[in-house]
Every structure is written in structure tokens, then in C-alpha cells.
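Here the structure is laid out as C-alpha cells; the discussion comes afterwards.
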Amino acid sequence: MTTKIPVGILGATGIVGQRFVQMLEHHPWFEVAWLAASDRSEGRAYGEAARWKLKTPIPSRVAEMRVAPATTEGAPKVIFAALDASIAAELEPRFAEAGCAVVTNSSALRMQSDVPLVIPEINPDHIKLLECQAWRKKSGGFVVTNPNCSAIGLVMALGPLERAFGLDTVMAVTMHAVSGAGYPGVASLDILGNVIPYIAKEEEKMEEETRKLLGRLNGSGIVMGSFDMSAQCNRVAVEDGHTESVAVKLKRKAKPEEIIAKWNEFRSLPQEMRLPSAPEQPVRYVTPRDRPQPRFDADCGNGMTTTVGRLRPCGVLDWKFTALSHNTIRGAAGAALLNAELLKVQGYLE
Ligand SMILES: NC(=O)c1ccc[n+]([C@@H]2O[C@H](COP(=O)([O-])OP(=O)(O)OC[C@H]3O[C@@H](n4cnc5c(N)ncnc54)[C@H](OP(=O)(O)O)[C@@H]3O)[C@@H](O)[C@H]2O)c1
């Protein structure tokens, strides 16, 4: 019998923290050993402190654990982080400095030049950037990030096209689910029967993160993807699953059947290495003309598959289509978990 790696969750009581608890419950390699959150939760049993919002029950072992203070004392060496960006900016470097592997969802350090921003199917080689971090050299600790919840679905759909045909221009309009705003998030009076055409800093994050993810590792830095990109973000009254209307201009001409085949046939390192959280099919194309829809497609591949549909010619760029991915699984906890699995198989969690 093998011993599991003890892991901690920073921000364990929030929406993404809860997803970590859920996804780690039967994980073959990792085991929750430490939970931390704010002063509000510190010292309380997790089952009382977390306002559990998921459809599966809280794992009983975790429910009884005490929430620790968000300090490095007593924390395990592998930390999944789900803190608000302003708090993450302060706390994540402290944990890396103390020798922890910090695998985070927060935007705080994503665009820092020595911090890998990784989707294991798309740019696993970028993980090597962590060797440039001062924390790594000093204590062995490091920070690895996953993208924003809307950038990830977009890049999962664009990655296979970029490889096969090259990207010239990308325009994306999102319909963000409410769970993307955390809990309690957006007030019901603001969102019910309504659309909010503004999410702070989201459009900037989508544009810059997409370029970093589809960029090229060049020694100690990333050469950003050189395509033009424009994003517009809206919040809609959907519980889980961000939908995106995308238009692209490709560098080389492609037939629709070639594009669909590139999506459906796309497999990468997580599938080859059979990482435990990797979906069998990272991107799938659905043919009904009214799909994908969050209600029916967000949970595909245990929430790790990006679903694409409605490929058709665009009157301005070459092609337009709809992409959908689960924002708290592929867009947050599942993305970080897959990053940690990649780190483990590459020997970074020894
Ligand atoms: N929701 C998504 O779809 C999504 C997707 C991708 C990325 N993210 C990112 O993931 C992060 C967490 O998002 P979320 O939606 O889970 O937010 P959330 O539901 O508001 O949870 C925030 C967590 O941070 C803790 N916290 C707050 N202040 C703290 C402090 N001073 N010290 C230590 N812990 C503190 C909270 O603990 P208490 O319960 O004790 O207050 C809670 O556990 C954010 O950076 C967000 O942008 C979210």
C-alpha cells in the first residue's frame, strides 16, 4: 500500500475550497491533512465553518477537522490555494518562502514572469519556469498557477486550432455563471432576470492569460502568443458553467470537418500519462445546433472536458463557435489538481 501525499487547502471554506475538498475525497495520490481560512473560520470544525454548497455531502473525516490559521506553521508541503487575489498576493509568497509547493487558483501571481501559468494539456513545458523562482532556489518552495475560469475554456478550444492552423485573431464574449463570483457572490436581486455586462478585471485577465498560455517557453521567460485578442465578459443567472461565443481568424485555411476533428482527436500529456483527474477527452464537439448548454454539458468528463459546438462561418473573421467549461472544476479546483498531478509525475513534489 502506498502512502498518500498530505496536502493543505488555503481558503478551504470558499466555493473553490469546497471543490478541492470534494475532488480530493477519493484521490489516489493526495489526502487532505490541513485546512485554513480567515479568522471567521479559524478554530471551528470545517463542517460548521464552511457553508457547504455542493451537491455531494461533506466528507465526514474532513467535516470534523479544525480550520487552522492561514500561517505556515504546521502546514503540509503541498498547498492548494483558493484565496481572494489581494490576500493571495500576501500569503502565497509566504508559503513558497517556507518551502511549500503552492498550486493556486488566484490571479495574484499568474502574470509574474517567473510564475508558470499552466494547463497540462496545452503548455505542460511551462512548468519548468518554476526553476527560475527565488523561493525555489532558497527553500525549494514555488508557486504554480492555473488560469482564470473563462480563459481556460477558451484556451482548451483554441489550443488544438493554434497547433494545427495557427491563430491570427480571437474575439470572445462570455456568459459567466454566478458561482464564479464565490459565495455569497452576486446578490440575487442583481442577477435574477438580469445580465451584468461587467466583471472587474476579467476581460484583461482573459486577454493576457490566453496569450501567456499559448506563448512559447524561451529559457527563463515566455514569449507571448502573437495573435490579436478581444474579450467581453457578462455575468448571467446560471449556477455553474461559463459559456463563450468565440470568433477566430486562423493563419492557415481549414475546413470545418478538419477543425472538428482537431478538437475531438486532441489528446495530450495528461491523457498519455493517465493523470488521475485528466478527462479521457479534453475537448469534445457536439452536433445538436442548440448545444453546448451549461445544464447539460458543464459536468462532462467530471467537469474537466470543454464542450464546443455550433461551428459555422463568421462574416468578419473565419469561423465562430460556442465553448463551455465548468468554472469551479476545470476553471478552478480541477485545474489546480491536474497541475499538482503533473508536478508529481515530474518529480517536483518529492
Ligand atoms: N469561483 C470560481 O469559479 C473561481 C474560478 C477560478 C478562480 N477563482 C479564484 O479562486 C479564489 C477563491 O474564489 P472563491 O470563489 O472560492 O471565493 P470565496 O467563496 O469568496 O472564498 C474565499 C476563501 O478565502 C478565505 N479567506 C478570506 N479572507 C481570508 C484571509 N484574510 N485569510 C485567509 N483566508 C481568507 C475565505 O475564508 P472564510 O470562509 O473564513 O471567510 C474562503 O475560504 C479567488 O482568487 C478567485 O478569483 C474562483
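Bear in mind these aren't lab numbers, they're just calculated from the coordinates by the rules spelled out. Just so we're clear, the structure is a prediction, and the values are computed from it rather than from any experiment. With ideal geometry, Cβ positions are generated from the backbone for all residues, glycine too; neighbour counts draw on all protein chains shown.
Odds and ends about this structure:
- Exposure proxy order (Cβ contacts within 10 Å, fewest to most) of THR3, THR13: THR3, THR13
- Global geometry of segment 262-312, whether rounded, prolate or oblate, following the gyration tensor of its Cα atoms and the 1.5 cut on a/c: oblate
- Reciprocal of mean inverse Cα separation for the chain (Kirkwood radius, Å): 20.3 Å
- Whole-Å distance, taken between Cα centres, linking segment 122-190 and segment 31-79: 25 Å
- The chain, relative contact order [Cα under 8 Å, separation at least 6], %: 17 percent
- Theoretical FRET efficiency, 1/(1+(r/R0)^6), r = Cβ-Cβ of ALA134 and TYR183, R0 25 Å, to 0.05: 0.15
- Cα gyration tensor shape of segment 137-274, rounded if a/c is under 1.5, else prolate or oblate by comparing a/b with b/c: oblate
- Calculated FRET value between GLU207 and ASP84, using beta carbons and R₀ = 22 Å, to 0.05: 0.55
- Gain on full stretching of the segment that runs from GLU73 to VAL236 - 0.36 nm per residue minus C-alpha separation: 54.6 nm
- Measuring r between the beta carbons of GLU350 and MET273 and using R0 = 22 Å, the FRET efficiency lands at 0.85.
- Volume per residue of the C-alpha convex hull in segment 1-105, rounded to whole Å³: 97 Å³
- Given their separation in residues at 0.36 nm each and the Cα-Cα distance between them, GLU42 and ASP125 gain 26.1 nm when the chain is fully extended.
- Pairs spanning more than 28 Å between alpha-carbon atoms, out of LYS55/LYS262; LYS205/LYS320; LYS212/LYS344; LYS128/LYS253; LYS212/LYS262: LYS55/LYS262; LYS128/LYS253.
- Distance histogram for segment 197-350 (every C-alpha pair counted, 5 angstrom bins, percent rounded to whole numbers): 2, 8, 13, 18, 22, 19, 11, 4, 1, 0, 0
- Scattering curve values for segment 237-326, log₁₀ I(q)/I(0), Debye with Cα scatterers, q = 0.17, 0.20 Å⁻¹: -0.75, -0.98
- Shape index of segment 240-292: Rg/Rh, with Rg the Cα radius of gyration and Rh the Kirkwood radius from the inverse mean 1/r over Cα pairs, equals 1.01.
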